[in-house]
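First comes the structure, then the notes that go with it.
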Amino acid sequence: MFSKCVTSWLALITILALSVSCSKDQGPEGPTAGPSPEAAGPTWTPTGNEGNITGVVSFTGEAPKPRRIQMDSDPVCAQKNPNATAEDVIVNDGKLQNVFVYVKGGPLEGKTFAVPETEVVLDQVGCQYVPHVLGIMARQKLKIISSDPTSHNIHPTPKNNPEWNETQPPGAGPIERTFNRPEVMIPVKCNQHAWMKAYIGVLSHPFYAVTGKDGSYTIKGLPPGEYEVEAYHEKYGAKTMKVTVAEKADAKADFSFDAAAAFIPSKTLKVQPALILP
């Protein structure tokens, strides 16, 4: 009898120990999918000798014409944004907007970077995500708000982070989430409005940028050294180049995408068909 009791207690202790171990792998939004950035080593601090990477992303070939989005399925959207157009390809004077440019490799490896306390905001305006493309550090807070008087459903479909979706009714407070693992890029959709799309680049460092209307970007504060820089566009894929950053200097890295190089996103991106009319 005594032996059976001891065996039962040992089994219970083992189960409790496993439960505690598993709970340590849980982040604020579920499994952490890896150690926090703070756990990797000493936090890097600037020395004053840092440089920058600047550039322009051009577009060659015939730019696609803006495509009108049909929002009649939600009268609120149709009324608020009657002239909405797709944002997957925006070309202005031969320059490509919404390209995510980031440091992919180089002297940053093995360094740890402090996660900003400020949040990154993703808004919903006229039943479209604003901004269409954004960058954020792993474990930095993403704050999702809605400026629309209609319901939305925010549904990121990551590959390396936990997938989630949450409804945001009119007048509801912000939704705050974090992504624990670096991942480029995470598609975001709205289950209420099939045309709504956004992309989030999650990195372990702060060295990234998104091209503006003029196709330009700047990545600031890089330690001197040689880097691999990647420019990613949702429709035209990724291009990389080597860039050498000197002390207190600007390094140039221009990219170009061609109209003939458009690709169909892979299944891993889980991009849903949109209600977009020519």
Where residues in segment 128-154 are assigned to a loop (DSSP other than H, G, I, E, B) and open to solvent by 40 Å² or more (accessible area, probe 1.4 Å), which of them is nearest to ALA262 (Cα to Cα)?
-> PRO131
Looking only at segment 242-257, decide whether some residue is of a type outside the set (Phe, Trp, Tyr), in contact with a strand residue (DSSP E or B) (Cβ under 8 Å, 6 or more places away or on another chain), open to solvent by less than 20 Å² (accessible area, probe 1.4 Å) and under 30 Å from SER146 (Cα atoms).
-> no
Just one of the numbered conditions (1) at pLDDT 95 or above; (2) within 30 Å of ASP93 (Cβ to Cβ); (3) aromatic (Phe, Trp, Tyr) is not true of PHE263; which one?
-> (1)
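Condition check ((1) within 21 Å of SER58 (Cα to Cα); (2) touching a residue at least 60 places away in the same chain (Cβ under 8 Å); (3) hydrophobic (A, V, I, L, M, F, W, C); (4) outside any strand (DSSP E or B)) across all residues:
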residue: TYR199; (1), (2), (3), (4): yes, yes, no, no
residue: HIS205; (1), (2), (3), (4): no, yes, no, yes
residue: GLU226; (1), (2), (3), (4): no, yes, no, no
residue: GLU230; (1), (2), (3), (4): yes, yes, no, no
residue: GLU247; (1), (2), (3), (4): no, yes, no, yes
Over segment 100-127, the set of residues hydrophobic (A, V, I, L, M, F, W, C), open to solvent by 50 Å² or more (accessible area, probe 1.4 Å) and touching a strand residue (DSSP E or B) at 6+ places or on another chain (Cβ under 9 Å) is ALA114, VAL121
Could you say which residue among VAL121, VAL184, VAL115 is β-branched (Val, Ile, Thr), in contact (Cβ under 8 Å) with a residue 12 or more places away in the chain and out of contact with any Leu (no Cβ under 9 Å at 6 or more places or on another chain)?
-> VAL115
Run PRO273 past the list (1) under 25 Å from PHE59 (Cβ atoms); (2) out of contact with any Leu (no Cβ under 7 Å at 6 or more places or on another chain); (3) at pLDDT 95 or above and report the number of the one that doesn't hold.
-> (3)
Within segment 77-93, residues surrounded by fewer than 16 Cβ atoms within 10 Å (Cβ to Cβ), in contact (Cβ under 8 Å) with a residue 40 or more places away in the chain and of a type outside the set (S, T, N, Q) come out as ASP93
Within segment 207-224, which residues are assigned to a strand (DSSP E or B) and either among the polar types (S, T, N, Q) or open to solvent by less than 30 Å² (accessible area, probe 1.4 Å) (or both)?
-> ALA209, SER216, TYR217, THR218, ILE219, GLY221, LEU222
Please work out which one of (1) open to solvent by less than 40 Å² (accessible area, probe 1.4 Å); (2) not in a strand (DSSP E or B) is the condition PRO170 fails and give its number.
-> (1)
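The values are calculated or read from the model by the stated rules, or taken from the named source; none is laboratory data. Everything numeric here is computed off the predicted structure, so don't read it as measured data. For neighbour counting, all protein chains shown are included, and Cβ atoms are generated from backbone atoms with ideal geometry for every residue, glycine included. Quick note on the areas: whole protein, heavy atoms, side chains included, nothing else; ligands and nucleic acids left out. Shrake-Rupley method; radii C 1.70, N 1.55, O 1.52, S 1.80 Å.
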